[in-house]
Amino acid sequence: MCPSNKETKMRARMNAGDDLGGGGLAGAGKEMKKEMKETGPVHHPALSRETALLEPHKLAQTFATRWVRVGDVEYDVTHFKHPGGSVIFYMLSNTGADATEAFNEFHLRSPKAWKMLKALPQRPAETARAEGPDGPMLEDFARWRAQLQKEGFFNPSKAHLAYRFAELGATFALGTLLMWMNWPALASVVYGAFFGARCGWVQHEGGHNSLTGSIWMDKRIQAATCGFGLATSGDMWNQMHNKHHATPQKVRHDMDLDTTPAVAFFSTAVEDNRPRGFNRVWARFQAWTFVPVTSGVLIHFFWMYVLHPRQVLRKKNAEEATWMILAHVVRTAAIKLASGYSWQTSYAWFTFGNWIAYMYLFAHFSTSHTHLDTVPSDKHISWVNYAVDHTVDIDPSAGYVNWLMGYLNCQVIHHLFPDMPQFRQPEVSKRFIPFAKKWNLNYKVLSYYGAWKATFSNLDRVGQHYYVNGKSEQHGSKVHAH
């Protein structure tokens, strides 16, 4: 369910810089308010170029006190253990960043997060948000968002959720039927491109808490669909994906860009990403290897057999471990029972289906942003500009595209409102057009074919660049156009 009127008012007051106190935190709130009046806003000294280009967690270590700005208030997060991990360092106000919209959207359905925030030491921000260059636009965006919420666009739908579950059951049954009919290759395509990939779309929504309105229930659905459908950890996926959502296309921040040497999405990726190996010939053919090899083999096997199991073991997450084990055992057993193949052959077909699923998912994910300009690691832009300038919508008016991409073709809208049920986003994309025109925003909508062409043209162009020029010895993040 969406936030109550009380919670909505609380957030409005927060954006205005009011202290909430509230409940058992009332006393602490009064003390913080007193401290704010006594200390006043503190100016953040300018960062050196070398310091500003550090990775977020290393940059955070250079500050004696770390601050995050939400509304017109800065909160001391120096000793705060963020449940979402190091993404909290992506928008420290020490660096000039403003986390207001990011906090609002990531914690839409979590009153607990707001209480935790208000319990932190705080002080007024140096300048009011309204005085910033994007202030009027962001105020108008907040009003537009409030209107969408009033009209119910953030409300989950039980009927739609039932449809999504029925779809998963039907595609798994169809794959099993085809296996029984002795069509294993076609069955594996259905297992992968339909059941596995659509488990990926559903777990994605569970990670964003946009399925049921209950964070607890959404995380259970995510654990099941991510674990059984893709044999991976939803918790690991969340930690990685939220870093993309906080700052899409930002160098050293967006993990979807930190992919070298497997693939380079921009012309200084090898130089600006974390130091790793580099091969000119591999780069030259990356447009050809990205889907079948990089996505289907390298990511597939590394995620399923190393990265995600390691995360589950480290956190001792029995729930996710159970679902991941069931994926290997039950899905292989279903193939064996339907086909009569040996365990080894059945597991091989299970692996083939996952190869298709990983190709399908990662190839489609890449079409929404990897071919766009990047943001320098030391530059901060508004939440709206991240979404509009560094993601695209892909033909949201076409029902077949919505279905093929699990509604993730509406990436601009999804980045603006990550907790909005995704099946509602095609309609919101229409409503965003007047807002974008009003504020002269470059809202991009590509055709399905155009998105694929842009993605692979960029891969080929960047690959040729590295094949011809090799790795530059000059480092440093700049604005990168593709």
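The values are calculated or read from the model by the stated rules, or taken from the named source; none is laboratory data. None of these values were measured; they are calculated from a predicted model. Every residue, glycine among them, receives a Cβ derived from its backbone with ideal geometry; neighbour counts consider all protein chains shown. When the accessible area is computed, the model is the full protein with side chains, heavy atoms only, and any ligands, DNA or RNA have been set aside. Shrake-Rupley method; radii C 1.70, N 1.55, O 1.52, S 1.80 Å.
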Per-pair calculated FRET efficiency, R0 = 22 Å: Phe285 and Ala398 via Cβ, rounded to 0.05:
0.10
In debye to the nearest 20, how big a dipole does the range 298-443 give about its Cα centre with +1 on each Lys and Arg Cβ and -1 on each Asp and Glu Cβ?
300 debye
Roughly how many Å² is the accessible area per residue of the chain, as a whole number, for a 1.4 Å probe?
44 Å²
Nearest 5 percent is fine: what portion of the DSSP beta bridges confined to the chain is antiparallel?
75 percent
In debye to the nearest 20, the charge dipole size for the chain, taken about the Cα centre with +1 at each Lys and Arg Cβ and -1 at each Asp and Glu Cβ, equals 700 debye
Relative contact order for the chain: what is it in percent, counting Cα pairs under 8 Å that are at least 6 residues apart?
17 percent
If you roll a 1.4 Å probe over the range 109-227 with all protein chains in place, what percent of the accessible area is carbon or sulfur?
67 percent
Could I have the simple spin-label model distance between Ala173 and Glu319, label points 7 Å from Cα toward Cβ, reported in nm to one decimal?
2.8 nm
For Lys437 and Tyr163, compute 0.36 nm times the residue count separating them, minus their Cα-Cα distance, and round to one decimal in nm.
95.1 nm
Shape category assigned to the chain from the gyration tensor of Cα positions, a/c cut at 1.5:
prolate
Between Leu446 and residues 5 or more places away or on another chain, the pairs with built amide H atoms under 5 Å apart involve Asp393, Ile394, Asp395
With a 1.4 Å probe and every protein chain kept in, tell me what percent of the accessible surface of the range 271-367 is carbon plus sulfur.
72 percent
With every protein chain kept in place and a 1.4 Å probe, the residues Tyr407, Tyr347, Tyr75 fall, from largest accessible area down, as Tyr347, Tyr407, Tyr75
Add -39500 (n - 2.57) for each DSSP H run of 4 or more in the chain, then divide by its residues: what number comes out at 222 nm, to the nearest 500 deg cm²/dmol?
-16000 deg cm²/dmol
Mind checking which aspartates and glutamates have their Cα closer than 18 Å to the Cα of Lys430? Skip sequence neighbours fewer than 8 apart in that chain.
Asp140, Glu151, Asp389, Asp393, Asp395
Reference-scaled alpha-carbon Rg (2.2 N^0.38 Å with N residues) for the range 276-326:
1.54
So, in nm, how far is label Thr78 from label Met240 when the simple model puts each one 7 Å beyond its Cα toward the Cβ?
3.5 nm
Assuming 0.36 nm per residue, please report the length gained on full extension of the stretch Ala348 to Asn182 beyond their Cα-Cα distance.
58.3 nm
Show me the ranking of peptides 445-458, 412-425, 133-146 by mean Cβ neighbours inside 10 Å, starting with the highest.
412-425, 445-458, 133-146
With r defined as the distance between the Cβ atoms of Tyr467 and Leu298 and R0 fixed at 30 Å, what FRET efficiency is calculated, to the nearest 0.05?
0.95
Please compare each pair in Lys118/Lys250; Lys81/Lys315; Lys112/Lys219 to a cut-off of 18 Å on the Cα-Cα distance and tell me which ones are over it.
Lys118/Lys250
State the answer as a single residue: which of Ile433, Thr78, Leu168 lies farthest towards the positive end of the charge dipole of the chain, with beta carbon charges of +1 for Lys and Arg and -1 for Asp and Glu, about the Cα centre.
Leu168
Could you tell me which of rounded, prolate or oblate describes the range 356-457, using a ≥ b ≥ c as the square roots of the eigenvalues of the alpha-carbon gyration tensor, with rounded for a/c under 1.5 and, failing that, prolate when a/b is larger than b/c and oblate otherwise?
oblate
What does the C-alpha gyration tensor say about the overall shape of the range 188-297? Classify as rounded when a/c is under 1.5, otherwise prolate if a/b is larger than b/c, or oblate.
oblate
Label-to-label distance, nm, for residues given as Phe278 and Ala64 (7 Å Cα→Cβ offset):
3.9 nm
